Amino acid sequence: MNGNCCSSICERDWFIKFGNMALDHFGRIHEPKRTDASGAWYKTYDWRGNGRDIHYIVNDLLGERRPITEQQYNDESFVSP
């Protein structure tokens, strides 16, 4: 809760009181969203400035992070290694 609760007990008490209201506001998921490992790739980069940024393609399901070129990062058709 980003430091807005003094302990996990306070956090639990808040969720018991307001959890359903928060889910109703932000939307409930009636069926879990699923993806296979091949569809879980996304691009990201570490900003270093002065053209020294390091670009990656990442798959959190597989625990992989592979370096790519800036051209691959900017190529919208490049979606998986």
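Within the stretch 1-42, take every residue that is closer than 29 Å to Gly63 by Cβ and of a type in the set (Ser, Thr, Tyr) and give me the one that is farthest from the chain's Cα centre (by Cα).
Ser8
Only one residue in Val79, Val58 is assigned to a loop (DSSP other than H, G, I, E, B), of a type in the set (A, V, I, L, M), out of contact with any Gly (no Cβ under 6 Å at 6 or more places or on another chain) and free of Cβ contacts under 8 Å to residues at least 60 places away in the same chain, so which one is that?
Testing whether each residue is assigned to a loop (DSSP other than H, G, I, E, B), of a type in the set (A, V, I, L, M), out of contact with any Gly (no Cβ under 6 Å at 6 or more places or on another chain) and free of Cβ contacts under 8 Å to residues at least 60 places away in the same chain leaves just Val79.
Might you check whether a residue that is assigned to a loop (DSSP other than H, G, I, E, B) and surrounded by 12 or more Cβ atoms within 10 Å (Cβ to Cβ) occurs anywhere in the stretch 23-46?
Yes, the stretch 23-46 contains a residue that is assigned to a loop (DSSP other than H, G, I, E, B) and surrounded by 12 or more Cβ atoms within 10 Å (Cβ to Cβ).
Which residues, taken from the stretch 61-76, are in a loop (DSSP other than H, G, I, E, B) and either at pLDDT 90 or above or at negative phi (or both)?
Leu61, Leu62, Thr69, Asp75, Glu76
Pull out all pairs, ordered by first then second residue, where Cβ-Cβ is under 7 Å, the residues are six or more apart or on different chains, the first lies in the stretch 7-18 and is without any contact (Cβ under 8 Å) to a residue 40 or more places away in the chain, and the second is surrounded by 12 or more Cβ atoms within 10 Å (Cβ to Cβ) and outside any helix (DSSP H, G or I).
Sorted first by the residue in the stretch 7-18, then by its partner, the pairs are Glu11/Cys5; Trp14/Cys5.
Determine whether Glu76 is of a type outside the set (Gly, Ala, Ser), over 28 Å from Met1 (Cβ atoms) and surrounded by fewer than 11 Cβ atoms within 10 Å (Cβ to Cβ).
Answer is yes for this residue.
The values are calculated or read from the model by the stated rules, or taken from the named source; none is laboratory data. If you're wondering where the values come from, they're calculated on a predicted model, not measured in any experiment. Quick reminder, even Gly has a Cβ in these numbers, built from the backbone with ideal geometry, and neighbours come from all protein chains shown.
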